[in-house]
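For reference, the structure discussed in these notes is given below.
Read the figures in this text as sums done on the coordinates, not as results from a lab. Just so we're clear, the structure is a prediction, and the values are computed from it rather than from any experiment. Here Cβ is always computed from backbone atoms with ideal geometry, including for glycine, and neighbour counts include all displayed protein chains.
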Amino acid sequence: MPRPKKFRNGAIEFCEDDRGFYYLRIFEGEDVSEEDLSSLMTWVQSETSAASKPMLIELSYGSTISPSVQKHFASDVERFSSADAILISTFAHKLMATFYLRHYKPLRPTRVFNDVFDALEWIEEMRHADHTAES
């Protein structure tokens, strides 16, 4: 089985998982900026299927997402993800995720999780819903 291609820079790691979703990890103590997002979007368009799939976003300890990137994630209709599962590990992340959901009101289905297994189960539900909608 070939290893998935990965995008890495100082703040993030991204890959297309074999289970049918995208995985975005924000490294410990990093803030995702517009520059990080721009380089990621360029890479996704050239190196992945760029198909619409659910995405698991893992916030590592002390990581943040800049307001402009949050706005992009919530409103960009051209974005490649069909649903976002946000995996949090701290109370600060819970506050940031709650603000994100209430202030930016994401266009895609978005849920926040403390447990990776719950997040993966929800992603599978979203994948099934995507396939049902396509039929």
Practice problem: Say whether the condition of being acidic (Asp, Glu) and either part of a strand (DSSP E or B) or surrounded by 15 or more Cβ atoms within 10 Å (Cβ to Cβ) (or both) is met by at least one residue in the stretch 50-63. | Solution: yes
Quiz item: Residue check: is residue 75 hydroxyl-bearing (Ser, Thr, Tyr) and more than 12 Å from the chain's Cα centre (by Cα)?
Solution: yes
Quiz item: Does residue 101 satisfy the criteria of being among the aliphatic types (A, V, I, L, M), within 15 Å of the chain's Cα centre (by Cα), part of a helix (DSSP H, G or I) and surrounded by 13 or more Cβ atoms within 10 Å (Cβ to Cβ)?
Solution: yes
Exercise. Output yes when any residue across the stretch 77-91 is farther than 15 Å from residue 9 by Cα, touching a Ser or Thr at 6+ places or on another chain (Cβ under 8 Å) and surrounded by fewer than 18 Cβ atoms within 10 Å (Cβ to Cβ), and no when none is.
Key: yes
Quiz prompt | Residue list for the stretch 9-28, filter: touching a strand residue (DSSP E or B) at 6+ places or on another chain (Cβ under 9 Å), in a loop (DSSP other than H, G, I, E, B) and either β-branched (Val, Ile, Thr) or over 21 Å from residue 109 (Cα atoms) (or both) | solution = 11, 27
Quiz item: For the subset of the stretch 12-55 comprising residues that are of a type in the set (Gly, Ala, Ser) and without any contact (Cβ under 8 Å) to a residue 40 or more places away in the chain, which member is nearest to residue 83 (Cα to Cα)?
Solution: 51
